[in-house]
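Data block below; observations after.
Read-outs: derived from the displayed coordinates by stated rules, not from any lab. Model, not experiment: these values are computed from the prediction. Methodologically, a virtual Cβ is constructed for each residue, glycine included, from the backbone with ideal geometry; neighbour enumeration extends over all protein chains shown.
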Amino acid sequence: MTSTQARYRAKRVYEITPQPGVFQMRLSDRIVDLGEREFGWYRKVAAWLPSVRGLSDLSQELGMDEAKVPKFLDALAESGLLYRVDEAQKTLTGLEFHAKFAGILNSWLSEAFAHPFWERMMSGKGSARLFTGWLIELYHYTKNANRHMPLSCALAHEKPIKQLRAKHYAEEWNHYHYFMKSLKALGFTEPQIADSVPLPMTLALSNFMRQAARQDILAYSICSAVLEGTTTERGTYTPYYNRAGELYGIPKEAIAPIYAHLDLDVQYQHSDLFHEILEHVPELSAARAEVVLDYGHQLVEHIWLWTDNIEKYYEVDSNTVPRRPFDVVVD
């Protein structure tokens, strides 16, 4: 690796939108427009940075004089597509870290909910069956909070953070009953739902939260903050439920408990919990901050995969709803 490669890193690009003669690249905090030629150059630079190829190799790929390549890299850094390693903070306070998280949360949520399932449901191409399946898995995930939230309390070493995590658990442990109410309004019995088994990705999401709690209480807390990120105001979630009710004949009695649960999260101000926790963190190293952010983004990827698993299982009419446990006689 050359000294030039060691100096730069590529920023994460969340979405690339081709436009006539230009590519719009959405970062966490801005949109950068590149012409077709510059976009091609950028892609070659992004592939070259983590490689062991020399500057002359990149120069040849770009068709650019080697003396001009560093200036082009500087221009990419000024645009925000690259960052200079030596300018990155070595340490930051908890609240400085929260400010960085707040700046990227919307990009993460956009990525998490970019699965075609949501456009399908909102456009009328979904079904009541898909809505029901999503609700069943939400019930299971919420009930499984009892597997990872106590772990987060036990593994929090600082007393103020342990108290905040314990308070959150006390406010959340039984919220799965809201989804049970919704499912009963859809015609299911309590034993049908309680005795059913979740999809593999529902379990994977729960187990990932357990892993995060074991890794670092801040890793767990950032994952929790991402999950709370859509409950800050009714405008975030009202359109989906109202539209599903209109399109798929979901009775109001099945939607009302979901609203009650979301409104309770707002009342408890759970979206502020990560900020409260970070108030008790005087300093994070850059290495720890990187690990915590990585867990947050992995959670985003898990949400996308969870959604994919829900759609693929519940869109198949022959699959049982709810999902039965394995039975020697039946199976």
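Cα-based Rg of region 66-222 per 2.2 N^0.38 Å, rounded to two decimals? Each step should come with its number before you reach the end.
On the way: Rg = 21.5 Å, N = 157, 2.2 N^0.38 = 15.0 Å.
It is 1.43.
Please build a GNM for the chain, connecting alpha carbons under 10 Å apart, and tell me which residue among Lys90, Lys68, Lys125 fluctuates the most.
Fluctuation is largest for Lys68.
Helix 217-228 against the longest principal axis of the chain: what's the angle in degrees, Cα atoms only, rounded to the nearest 10?
70
Using only the alpha carbons of the chain, what is the convex hull's orientation-averaged projected area in square nanometres? Write out the running numbers ahead of the final one.
Details: hull surface 81.6 nm².
Convex hull of Cα atoms, orientation-averaged projection: 20.4 nm².
Determine the relative contact order of the chain: mean sequence separation of Cα pairs under 8 Å and six or more apart, normalised by residue count, in whole percent.
Details: 381 pairs, mean separation 77.2, N = 331.
The value is 23 percent.
Helix 36-48 sits at what angle to the longest principal axis of the chain, using alpha carbons and giving 0 to 90 degrees rounded to 10?
Orientation of helix 36-48: about 80 degrees from the principal axis.
Kirkwood Rh and Cα-based Rg: tell me the resulting Rg over Rh for region 1-111, rounded to two decimals. Present the calculation step by step, with values, prior to reporting the outcome.
Details: Rg = 15.3 Å, Rh = 15.3 Å.
Rg/Rh for region 1-111 comes to 1.00.
If you add up the charges near Val226, with Lys and Arg at +1 and Asp and Glu at -1, over every other residue whose beta carbon is less than 12 angstrom from its beta carbon, what do you get? Walk me through the intermediate numbers first.
Details: positive: none; negative: Glu111, Glu228, Glu301.
Summing Lys/Arg as +1 and Asp/Glu as -1 gives -3.
Run the simple label-point estimate for Ala185 and Arg84 please: 7 Å along Cα→C-beta, distance reported in nm.
With each label placed 7 Å out from Cα toward Cβ, I get 5.7 nm.
Throw me the Rg/Rh for region 104-151, computed over C-alpha atoms with Kirkwood Rh, two decimals. Display every interim value, and only then the final one.
On the way: Rg = 13.9 Å, Rh = 12.7 Å.
Answer for region 104-151: 1.10.
Which value in Å does the Kirkwood hydrodynamic radius of region 10-58 take, with 1/r averaged over all unlike C-alpha pairs and then inverted?
Details: mean 1/r = 0.0852 Å⁻¹.
After inverting the pairwise mean of 1/r, the radius is 11.7 Å.
On alpha-carbon atoms, Rg over Rh for region 51-141 using Kirkwood Rh? Each step should come with its number before you reach the end.
Numbers: Rg = 22.4 Å, Rh = 18.3 Å.
Ratio of gyration radius to Kirkwood radius: 1.23.
Measuring from label point to label point, each 7 Å out along Cα→Cβ, what is the Ala170 to Arg214 span in nm?
2.8
How many nm separate the modelled label positions at Val266 and Ala114, each set 7 Å beyond the Cα in the direction of the Cβ?
2.8
Where in region 164-200 is the amide nitrogen less than 11 Å from a point lying 7 Å along the Cα-to-Cβ axis of Asn146?
Output list for this probe position: 173-177.
Against the longest alpha carbon principal axis of the chain, how many degrees, from 0 to 90 and to the nearest 10, is the axis of helix 286-314 turned?
It is inclined by approximately 50 degrees.
Could you tally the net charge around Ile104, taking each other residue with its Cβ under 12 Å from the Cβ of Ile104, Lys/Arg +1 and Asp/Glu -1? Don't jump to the answer; show the numbers that get you there.
Numbers: positive: Lys11, Arg12, Arg26, Arg30, Lys100; negative: Asp29, Glu111.
Local charge sum for Ile104: +3.
Semi-axes of region 208-301's equivalent ellipsoid from the Cα gyration tensor, sqrt of 5 times each eigenvalue, largest first, rounded to whole Å?
Listed largest to smallest, the semi-axes of region 208-301 are 33, 14, 10 Å.
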